[in-house]
1. Filter region 135-158 down to residues that are open to solvent by less than 60 Å² (accessible area, probe 1.4 Å) and under 21 Å from the mean Cα position of the chain (by Cα), then give me how many there are.
2. Taking into account only those residues within region 58-77 that are open to solvent by 40 Å² or more (accessible area, probe 1.4 Å) and among the hydrophobic types (A, V, I, L, M, F, W, C), which is modelled with the lowest pLDDT?
3. Residues in region 159-174 that are surrounded by fewer than 18 Cβ atoms within 10 Å (Cβ to Cβ) and closer than 17 Å to Arg123 by Cα: how many?
4. Checking Met55 against (1) open to solvent by 10 Å² or more (accessible area, probe 1.4 Å); (2) farther than 28 Å from Gly186 by Cβ; (3) part of a loop (DSSP other than H, G, I, E, B), which test does it fail?
5. Has region 184-195 got any residue that is in a helix (DSSP H, G or I) and either among the polar types (S, T, N, Q) or open to solvent by less than 10 Å² (accessible area, probe 1.4 Å) (or both)?
6. Looking at region 14-41, which of its residues are in a strand (DSSP E or B) and among the acidic types (Asp, Glu)?
7. Looking only at region 110-138, count every residue that is in a loop (DSSP other than H, G, I, E, B) and over 16 Å from Ser53 (Cβ atoms) and tell me the total.
8. Might you check whether a residue that is aliphatic (A, V, I, L, M) and modelled with pLDDT of 95 or more occurs anywhere in region 145-161?
Amino acid sequence: MAAAPALRFTSHGLTHLGLVRQRNEDALLDRAEGGLWAVADGMGGHEAGDLASRMIVDALGAIEPPADLDDFVDAAAAELTSVDAALRQRAAMLGPGAVIASTVVVLLAKSGEFACLWAGDSRLYRWRAGTLQQLTVDHSKVQEMVDAGLLRPEEMAGHPLSHIVTRSIGGGRLELGMLRDTLQPGDRFLLCSDGLTNMVADSEIARELGAATPGEAAERLLDLVLTRGAIDNVTIVVTLAEPTV
(Lines give C-alpha, C1' and ligand atoms only; values in the text may rest on other atoms or scores of the structure.)
Protein backbone atom coordinates (compact mmCIF):
# COMPACT_ATOMS: atom_id res chain seq x y z
CA MET A 1 0.00 0.00 0.00
CA ALA A 2 1.34 3.41 -0.96
CA ALA A 3 2.21 5.74 1.89
CA ALA A 4 -0.25 8.54 2.53
CA PRO A 5 0.98 11.90 1.21
CA ALA A 6 2.41 14.26 3.80
CA LEU A 7 0.00 17.17 4.18
CA ARG A 8 -0.03 20.54 5.84
CA PHE A 9 -3.09 22.64 6.60
CA THR A 10 -3.97 26.27 6.19
CA SER A 11 -7.22 27.50 7.66
CA HIS A 12 -9.22 30.55 8.58
CA GLY A 13 -12.00 30.89 11.12
CA LEU A 14 -14.38 33.73 11.87
CA THR A 15 -17.53 34.33 13.89
CA HIS A 16 -19.99 37.20 13.66
CA LEU A 17 -22.86 38.38 15.83
CA GLY A 18 -25.07 38.92 12.79
CA LEU A 19 -27.40 41.86 12.32
CA VAL A 20 -30.30 40.87 14.59
CA ARG A 21 -29.09 38.97 17.67
CA GLN A 22 -27.86 40.80 20.78
CA ARG A 23 -25.33 38.14 21.80
CA ASN A 24 -23.04 35.78 19.92
CA GLU A 25 -23.60 32.25 21.22
CA ASP A 26 -21.24 30.68 18.64
CA ALA A 27 -17.61 29.77 19.26
CA LEU A 28 -14.84 28.27 17.15
CA LEU A 29 -11.51 26.48 17.39
CA ASP A 30 -8.90 26.83 14.63
CA ARG A 31 -5.70 24.86 15.29
CA ALA A 32 -4.31 24.06 11.86
CA GLU A 33 -0.91 23.18 13.32
CA GLY A 34 -2.52 20.45 15.43
CA GLY A 35 -5.08 19.23 12.92
CA LEU A 36 -8.04 20.25 15.08
CA TRP A 37 -10.99 22.49 14.26
CA ALA A 38 -14.44 22.95 15.78
CA VAL A 39 -17.58 25.05 15.61
CA ALA A 40 -20.10 25.17 18.47
CA ASP A 41 -23.48 26.91 18.39
CA GLY A 42 -25.05 27.64 21.77
CA MET A 43 -28.71 26.77 21.56
CA GLY A 44 -30.83 29.91 21.24
CA GLY A 45 -33.57 30.41 23.78
CA HIS A 46 -31.75 28.33 26.40
CA GLU A 47 -29.81 29.57 29.39
CA ALA A 48 -26.20 30.59 28.74
CA GLY A 49 -25.73 29.19 25.23
CA ASP A 50 -22.58 31.27 24.87
CA LEU A 51 -21.15 29.62 27.98
CA ALA A 52 -21.88 26.17 26.54
CA SER A 53 -20.18 26.84 23.21
CA ARG A 54 -17.15 28.41 24.90
CA MET A 55 -16.75 25.48 27.31
CA ILE A 56 -16.74 23.10 24.34
CA VAL A 57 -14.03 24.87 22.34
CA ASP A 58 -11.93 25.48 25.45
CA ALA A 59 -12.05 21.79 26.37
CA LEU A 60 -11.17 20.67 22.83
CA GLY A 61 -8.44 23.27 22.58
CA ALA A 62 -6.69 21.81 25.63
CA ILE A 63 -6.13 18.47 23.84
CA GLU A 64 -2.52 17.65 22.98
CA PRO A 65 -2.88 15.97 19.56
CA PRO A 66 -1.76 12.32 19.83
CA ALA A 67 0.22 10.51 17.14
CA ASP A 68 -2.71 8.21 16.32
CA LEU A 69 -6.08 9.33 14.91
CA ASP A 70 -7.97 6.77 17.02
CA ASP A 71 -6.51 8.28 20.18
CA PHE A 72 -7.27 11.77 18.86
CA VAL A 73 -10.94 10.87 18.36
CA ASP A 74 -11.12 9.23 21.77
CA ALA A 75 -9.64 12.31 23.44
CA ALA A 76 -12.11 14.63 21.70
CA ALA A 77 -15.07 12.40 22.57
CA ALA A 78 -13.94 12.27 26.20
CA GLU A 79 -13.75 16.06 26.40
CA LEU A 80 -17.22 16.43 24.87
CA THR A 81 -18.61 13.88 27.32
CA SER A 82 -17.05 15.77 30.22
CA VAL A 83 -18.50 19.10 29.04
CA ASP A 84 -21.89 17.46 28.54
CA ALA A 85 -21.91 16.33 32.17
CA ALA A 86 -20.75 19.75 33.40
CA LEU A 87 -23.47 21.57 31.46
CA ARG A 88 -26.16 19.27 32.78
CA GLN A 89 -24.93 19.85 36.32
CA ARG A 90 -25.01 23.65 35.83
CA ALA A 91 -28.50 23.48 34.35
CA ALA A 92 -29.78 21.38 37.26
CA MET A 93 -28.73 24.17 39.63
CA LEU A 94 -30.99 26.60 37.74
CA GLY A 95 -34.09 24.54 38.37
CA PRO A 96 -36.38 22.01 36.64
CA GLY A 97 -36.45 22.22 32.87
CA ALA A 98 -33.39 24.48 32.56
CA VAL A 99 -31.02 23.60 29.72
CA ILE A 100 -27.52 24.86 28.93
CA ALA A 101 -26.48 23.28 25.64
CA SER A 102 -24.73 23.66 22.32
CA THR A 103 -24.36 21.92 18.99
CA VAL A 104 -20.83 21.01 17.90
CA VAL A 105 -18.92 19.80 14.87
CA VAL A 106 -15.27 18.75 15.24
CA LEU A 107 -12.73 17.97 12.51
CA LEU A 108 -9.55 16.06 13.42
CA ALA A 109 -6.74 15.25 10.97
CA LYS A 110 -3.70 13.01 11.39
CA SER A 111 -1.42 10.98 9.12
CA GLY A 112 -3.40 11.26 5.90
CA GLU A 113 -6.79 10.65 7.52
CA PHE A 114 -9.52 12.74 9.09
CA ALA A 115 -12.38 12.11 11.46
CA CYS A 116 -15.43 14.13 12.44
CA LEU A 117 -17.55 14.15 15.58
CA TRP A 118 -20.78 16.10 15.77
CA ALA A 119 -24.04 16.66 17.61
CA GLY A 120 -26.81 18.86 16.26
CA ASP A 121 -26.98 20.82 13.02
CA SER A 122 -23.57 22.46 12.81
CA ARG A 123 -22.09 20.96 9.66
CA LEU A 124 -18.95 19.70 7.95
CA TYR A 125 -18.63 19.99 4.17
CA ARG A 126 -15.82 18.76 1.92
CA TRP A 127 -14.94 20.25 -1.45
CA ARG A 128 -12.92 17.78 -3.52
CA ALA A 129 -12.07 17.86 -7.23
CA GLY A 130 -14.88 20.27 -8.03
CA THR A 131 -17.58 18.55 -5.99
CA LEU A 132 -19.06 19.72 -2.70
CA GLN A 133 -20.35 17.08 -0.28
CA GLN A 134 -22.09 17.57 3.06
CA LEU A 135 -20.41 14.95 5.22
CA THR A 136 -22.46 15.34 8.39
CA VAL A 137 -26.18 14.60 8.69
CA ASP A 138 -28.10 17.08 10.81
CA HIS A 139 -29.46 15.88 14.12
CA SER A 140 -32.63 17.96 13.76
CA LYS A 141 -36.39 17.72 13.56
CA VAL A 142 -36.46 18.84 9.92
CA GLN A 143 -33.84 16.24 8.96
CA GLU A 144 -36.05 13.58 10.52
CA MET A 145 -38.91 14.91 8.38
CA VAL A 146 -36.74 14.70 5.26
CA ASP A 147 -35.73 11.14 6.16
CA ALA A 148 -39.43 10.24 6.54
CA GLY A 149 -40.29 11.73 3.15
CA LEU A 150 -42.37 14.53 4.69
CA LEU A 151 -40.10 17.38 3.58
CA ARG A 152 -37.79 18.10 0.65
CA PRO A 153 -34.16 18.93 1.52
CA GLU A 154 -34.45 22.39 -0.03
CA GLU A 155 -37.32 23.18 2.35
CA MET A 156 -35.29 22.59 5.52
CA ALA A 157 -33.80 26.07 5.97
CA GLY A 158 -37.07 27.98 5.94
CA HIS A 159 -39.20 25.52 7.89
CA PRO A 160 -40.73 26.69 11.22
CA LEU A 161 -39.11 23.73 13.03
CA SER A 162 -35.65 24.28 11.53
CA HIS A 163 -34.30 25.51 14.89
CA ILE A 164 -35.09 22.30 16.78
CA VAL A 165 -32.09 19.99 17.18
CA THR A 166 -32.43 16.44 18.45
CA ARG A 167 -28.89 16.01 19.78
CA SER A 168 -26.55 18.43 21.51
CA ILE A 169 -23.89 18.75 24.17
CA GLY A 170 -25.77 19.30 27.43
CA GLY A 171 -29.28 18.96 26.03
CA GLY A 172 -30.14 15.32 26.69
CA ARG A 173 -28.70 11.86 26.22
CA LEU A 174 -25.35 12.39 24.51
CA GLU A 175 -24.98 10.55 21.22
CA LEU A 176 -22.25 11.80 18.88
CA GLY A 177 -22.20 11.25 15.14
CA MET A 178 -18.84 10.03 13.83
CA LEU A 179 -17.25 9.54 10.43
CA ARG A 180 -13.74 8.83 9.19
CA ASP A 181 -12.07 8.92 5.77
CA THR A 182 -8.77 9.46 4.00
CA LEU A 183 -7.43 12.87 3.04
CA GLN A 184 -6.37 13.92 -0.43
CA PRO A 185 -4.18 16.88 -1.38
CA GLY A 186 -6.42 19.79 -2.29
CA ASP A 187 -9.29 18.77 0.01
CA ARG A 188 -11.12 21.79 1.38
CA PHE A 189 -13.33 21.55 4.44
CA LEU A 190 -15.96 23.89 5.80
CA LEU A 191 -17.21 23.74 9.38
CA CYS A 192 -20.11 26.07 10.06
CA SER A 193 -23.09 26.92 12.22
CA ASP A 194 -26.59 27.06 10.78
CA GLY A 195 -26.32 30.83 10.62
CA LEU A 196 -24.55 30.17 7.31
CA THR A 197 -26.47 27.22 5.90
CA ASN A 198 -29.89 28.73 6.60
CA MET A 199 -29.02 31.66 4.33
CA VAL A 200 -26.52 30.39 1.75
CA ALA A 201 -27.18 27.59 -0.75
CA ASP A 202 -24.81 24.66 -1.20
CA SER A 203 -24.12 25.79 -4.77
CA GLU A 204 -22.87 29.13 -3.43
CA ILE A 205 -20.76 27.40 -0.80
CA ALA A 206 -19.19 25.24 -3.51
CA ARG A 207 -18.41 28.28 -5.65
CA GLU A 208 -16.61 30.11 -2.86
CA LEU A 209 -14.73 27.10 -1.49
CA GLY A 210 -13.45 26.13 -4.91
CA ALA A 211 -12.27 29.53 -6.03
CA ALA A 212 -10.56 31.16 -3.08
CA THR A 213 -8.04 30.73 -0.29
CA PRO A 214 -9.46 29.70 3.10
CA GLY A 215 -9.43 33.29 4.32
CA GLU A 216 -11.04 34.69 1.18
CA ALA A 217 -13.67 31.93 1.10
CA ALA A 218 -14.64 32.50 4.74
CA GLU A 219 -14.94 36.26 4.24
CA ARG A 220 -16.97 35.90 1.04
CA LEU A 221 -19.36 33.46 2.67
CA LEU A 222 -19.82 35.82 5.61
CA ASP A 223 -20.47 38.70 3.20
CA LEU A 224 -23.25 36.69 1.57
CA VAL A 225 -24.92 36.17 4.95
CA LEU A 226 -24.57 39.84 5.92
CA THR A 227 -26.05 41.09 2.65
CA ARG A 228 -29.08 38.86 3.29
CA GLY A 229 -29.78 40.19 6.75
CA ALA A 230 -27.73 37.84 8.99
CA ILE A 231 -30.65 36.96 11.26
CA ASP A 232 -28.51 34.58 13.35
CA ASN A 233 -24.96 34.33 14.61
CA VAL A 234 -22.72 32.89 11.92
CA THR A 235 -19.46 30.96 12.33
CA ILE A 236 -17.25 29.66 9.53
CA VAL A 237 -13.99 27.70 9.51
CA VAL A 238 -12.38 26.83 6.15
CA THR A 239 -9.47 24.39 5.99
CA LEU A 240 -7.24 23.42 3.04
CA ALA A 241 -5.03 20.30 2.93
CA GLU A 242 -1.90 20.79 0.81
CA PRO A 243 1.20 18.67 0.13
CA THR A 244 4.23 19.58 2.20
CA VAL A 245 7.18 20.88 0.24
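1. Result for region 135-158: 10.
2. My answer is Ala67.
3. 3
4. (3)
5. So far as region 184-195 goes, yes, one or more of its residues are in a helix (DSSP H, G or I) and either among the polar types (S, T, N, Q) or open to solvent by less than 10 Å² (accessible area, probe 1.4 Å) (or both).
6. Asp26, Asp30, Asp41
7. Selection size over region 110-138: 8.
8. Residues of region 145-161 that are aliphatic (A, V, I, L, M), as a first pass: 145-146, 148, 150-151, 156-157, 161.
With the extra rule that they be modelled with pLDDT of 95 or more, the set shrinks to none.
Scanning region 145-161, I find no residue that is aliphatic (A, V, I, L, M) and modelled with pLDDT of 95 or more, so the answer is no.
The values are calculated or read from the model by the stated rules, or taken from the named source; none is laboratory data. As the structure is a computational prediction, the values presented were derived from the model and not from experiment. Ideal geometry is used to build each Cβ from the backbone, glycine not excepted, and the neighbour counts take in all protein chains shown. Ligands, DNA and RNA are excluded from the accessible area calculation, which covers all protein heavy atoms including side chains. Shrake-Rupley method; radii C 1.70, N 1.55, O 1.52, S 1.80 Å.
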